[in-house]
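Written below as structure tokens is the structure these notes are about.
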Amino acid sequence: MTTSIRGFGAIILAATLLAACTKREEEKVVEEKPAVFVPPAEPARAAFTPKADTTYTLVSRKANKCLQFAGANQNDNAHGEIWTCNGTDAQSFTLLPVAGGYFSIVNVRSKKCLDVAGLATNDGASAQQYLCNGGPNQQWIVADGNPGALRLVARHSGKVLDLANEEITDGTHVNQWGWKGMSHQEFTLVPEAVAADTNAKAGKSGKDGAGGAGGKSKKKKS
């Protein structure tokens, strides 16, 4: 009888241990899912509407310099930067309407779109040029900033075009960052004819910002 009781107890103990091991194995299988990024609510569109048949320079409000792509080149992945405005087509853009109140921002020289690299949603993600493909990271909202300025908001992330580390020197990279209402996140869209007249009066040389990314570009986070 004693032997039977011991045998029965051993069976219960084995079953208990087996159940515990099975539970631990099940717990190992359960994995935490990464948080799903939810962009902030879209801002209201600006009263100003860019015209598809007009070319613009995008002038940083803080730096008073123009958006272009690294060294004024035409390569995919060339990072966006600011450079002294020079009236060349490397600093000219067309804003083409996309359904839903968005715009593709297309460089006149390269025929490529202003793009947030890799569909990234984090602060500091690089703004670059890339073959236009209709992706949401190539679609921008033109929204009001502070009086007299605009902010350019990436559709996929809800973040704005931003001067890295708030710098204003030639070659400073542009990236995306959460809206802070600051001048380094604001631009003015100047029609090409107005920009050309302004450059002529200021005695601009008209030289490209070629080579501007060659070691002097500022790639820092905001």
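Throughout, read-outs are computed from the coordinates displayed, never taken from laboratory work. Quick caveat: nothing in here was measured; it's all calculated off a predicted structure. Neighbour counts are summed over all protein chains in view; Cβ atoms, including those assigned to glycine, are modelled from backbone coordinates with ideal geometry.
What the table below lists for this structure:
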read-out	value
Segment residue 44-residue 75, extension gain: residue separation times 0.36 nm, minus the distance between their alpha carbons	7.8 nm
Sorted peptide list for 112-118, 134-140, 94-100, criterion being average Cβ within 10 angstrom, highest first	112-118, 134-140, 94-100
Qualifying chymotrypsin sites (Phe, Trp or Tyr not before Pro) for the range 29-111 [loop in DSSP, other Cβ within 10 Å: at most 14]	37, 48
Net charge of neighbours whose Cβ lies under 12 Å from the Cβ of residue 44, counting Lys and Arg as +1 and Asp and Glu as -1	0
Using θ = phi - 60° and Karplus 6.51 cos²θ - 1.76 cosθ + 1.60, couplings along the range 152-163 (whole Hz; Gly, Pro as x)	10, 10, 5, 4, 6, 10, x, 9, 9, 5, 9, 7
Sequence of 168, 82, 105, 141 once ranked by neighbouring C-beta atoms within 10 Å, starting from the fewest	168, 141, 105, 82
Segments 170-177, 146-153 sorted - mean Cβ within 10 Å per residue, highest first	170-177, 146-153
Sorted by Cβ neighbour density within 10 Å, fewest at the top, the residues 92, 126, 60	126, 92, 60
